[in-house]
Ligand code: TRP
């Protein structure tokens, strides 16, 4: 019944390449057509400033990436597609989260630790060249996600830690100020292709071995010509294993075409011929999009208009939500002190999870814990007496640790994770304290 909200960010710091397309854009656009999911895709341009301090490059890349997504078939009707820096609520939320985030948590972030390790290796001071922006990056990313209460965040494996940190920040904020944030989860796509680049290593702009997604046909042909192959002559059988050329072909061909190419390798197809087939296969898919891309690049105002529609939709959610968060942390008009503190207290009460006790046809006594929106979070097994059920509830209300102790009395509930239950119990406990 409830729709799942997916959200992901793309940092505009380069030109999209075939690897980005096959690994991320194409599956994301396909996923956005699934009913009962809501999608938020955005250009993480505040993030770009962490790695790239060339203004023209950030600007150009934002246009190229937005135009690429639109040309590749992203439908702004189905996807809320926006630019991070158009949502001023995000940096404000970043500050709220900064103030509930342990510095020690950020010390453990991989990106920061990697920078420190590099300095250590080369005998420099630990924080040499490390900006506070790099250090704070996980907080900005958490704000991106929590601003829209996303459930699932499609990211690469290297980003899992950031999603876990976002959960931690959400839980800390919820614990202090009431249940405002959904705890997000990473959505890892294991079977999407990571393409190999021209030199046979992973296709990546940091290796400078990419094929730009929408380069002109002549350049595409030239780059395909430059893909490394071994020195086997025409007629000699060839290996598909580890062949960048074969792998690229597979990413764009039908399964039948791929099977045919596999046979052609075994039968000794000439590299030149395989490259021609690869070119034709990529161009079949990309060619029609390229025309649209070129049109958008020639009319940046069309891209801007699409992003503004997205920004409006996103802000329609972010602005009122941020007002609630401001009130929750104590930033509200002085004239409204009395009334609004009562209101927020009432609202917080109304938004609390609740325990329900009942008797089943089997004559036994049960309880369940419902989230504020009525979703089932916990379900007990049957107790012989109402008192026993009541005592279990009392224990759960006092200490979340009771969750483990009472596990044998609880029945499994699908689609609810322990952290959410723990957060609900903490919210009840802190409401009882206040
Ligand atoms: N940091 C992500 C990356 O480098 C991009 C990003 C920024 C992001 N904010 C996000 C991804 C929020 C998912 C959700 O790939």
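Scan the stretch 400-421 for residues that are over 25 Å from residue 360 (Cα atoms) and in contact (Cβ under 8 Å) with a residue 24 or more places away in the chain and jot them down.
We begin by selecting, within the stretch 400-421, every residue over 25 Å from residue 360 (Cα atoms); these are 400-401, 417-420.
Across the stretch 400-421, the qualifying residues are 400, 417, 419, 420.
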Result of the Cβ filter at 9 Å on the stretch 142-154, keeping first residues that are more than 10 Å from residue 170 (Cβ to Cβ) and partners that are within 10 Å of the ligand (Cβ to nearest atom) and in a loop (DSSP other than H, G, I, E, B), at least 6 apart or interchain, is 144/44; 144/150; 150/184; 151/184; 152/184; 153/184
Can you go through 70, 49, 63 and tell me which one is surrounded by fewer than 22 Cβ atoms within 10 Å (Cβ to Cβ), within 16 Å of the ligand (Cβ to nearest atom) and either within 29 Å of residue 281 (Cα to Cα) or assigned by TED's automatic domain parsing to the domain that holds residue 180 (or both)? 49
Only residues that are assigned to a helix (DSSP H, G or I) and farther than 14 Å from residue 20 by Cα: list them for the stretch 231-250, please. 244, 245, 246, 247, 249, 250
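This table checks each residue for (1) surrounded by fewer than 18 Cβ atoms within 10 Å (Cβ to Cβ); (2) in contact (Cβ under 8 Å) with a residue 60 or more places away in the chain; (3) on the phi < 0 side of the Ramachandran plot.
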| site | (1), (2), (3) |
| --- | --- |
| 28 | no, yes, yes |
| 31 | yes, yes, yes |
| 41 | no, no, yes |
| 45 | no, no, yes |
| 55 | yes, no, yes |
| 113 | yes, no, yes |
| 116 | yes, no, yes |
Index of the failed condition, residue 9 passing every other in (1) within 9 Å of the ligand (Cβ to nearest atom); (2) part of a loop (DSSP other than H, G, I, E, B): (2)
Only one of (1) surrounded by 14 or more Cβ atoms within 10 Å (Cβ to Cβ); (2) over 30 Å from residue 415 (Cβ atoms) does not apply to residue 178, and that is (2)
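Matching residues to (1) surrounded by fewer than 20 Cβ atoms within 10 Å (Cβ to Cβ); (2) in contact (Cβ under 8 Å) with a residue 40 or more places away in the chain:
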residue	(1), (2)
161	yes, yes
165	no, yes
169	no, yes
186	yes, no
189	yes, yes
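Kindly check whether there is at least one residue in the stretch 37-46 that is more than 16 Å from the ligand (Cβ to nearest atom) and either within 15 Å of the chain's Cα centre (by Cα) or outside any strand (DSSP E or B) (or both). Explain how you work it out, then say what you get.
Kept after step one, since they are more than 16 Å from the ligand (Cβ to nearest atom), are these residues of the stretch 37-46: none.
No - not one qualifying residue is present in the stretch 37-46.
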Of all residues in the stretch 12-36, how many are away from the ligand (no atom under 14 Å from the Cβ) and not in a helix (DSSP H, G or I)? 7
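If you take just the helices (runs of 4 or more DSSP H) that sit entirely in the stretch 112-230, which of them hold at least 1 residues that are out of contact with any helix residue (DSSP H, G or I) (no Cβ under 9 Å at 6 or more places or on another chain) and away from the ligand (no atom under 16 Å from the Cβ)?
Working: elements: 132-146, 160-177, 217-225.
Helices (runs of 4 or more DSSP H) meeting the threshold: 132-146, 217-225.
The values are calculated or read from the model by the stated rules, or taken from the named source; none is laboratory data. The structure displayed is predicted, hence computed values, not measured ones. Positions of Cβ are backbone-derived with ideal geometry, glycine not excepted, and every protein chain shown enters the neighbour counts.
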